[in-house]
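Structure first, commentary second.
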Amino acid sequence: MITNRPALLTLAALVSSLISACSPETPKKEVPAVNDENCKWENMLKIEDKGTREQFASACARRGPGFTPSPKKEW
């Protein structure tokens, strides 16, 4: 039995980190289809994950024939 308290705490931290590293990732929700209905503000707010919502809003802003990207500048 380990009687050295710092060693025991280090061992406990190591075991807990190994166990948590093996846990499965939370599944990410798919980005909805980019169309007129889904790109409405009310429907974009329904996406809970912030990263997914930002990615979807970016795709909505770039859709359609009116979007032309800015020319790349070499500074």
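May I ask you to list pairs of residues, at least six apart or on different chains, whose Cβ atoms are under 8 Å apart, with the first in segment 54-75 being part of a helix (DSSP H, G or I) and the second being surrounded by fewer than 10 Cβ atoms within 10 Å (Cβ to Cβ)?
Here the result reads Ala61/Phe67, each pair linking segment 54-75 to a residue that is surrounded by fewer than 10 Cβ atoms within 10 Å (Cβ to Cβ).
When segment 42-53 is examined, which residues are found to be under 13 Å from Glu30 (Cα atoms), of a type in the set (D, E, K, R) and part of a helix (DSSP H, G or I)?
Lys50, Arg53
Coordinate-derived values only; no laboratory data. Just so you know, these numbers come straight off a predicted model, no measurement behind them. Note that we place each Cβ from the backbone using ideal geometry, even for glycine, and neighbour counts take in every protein chain shown.
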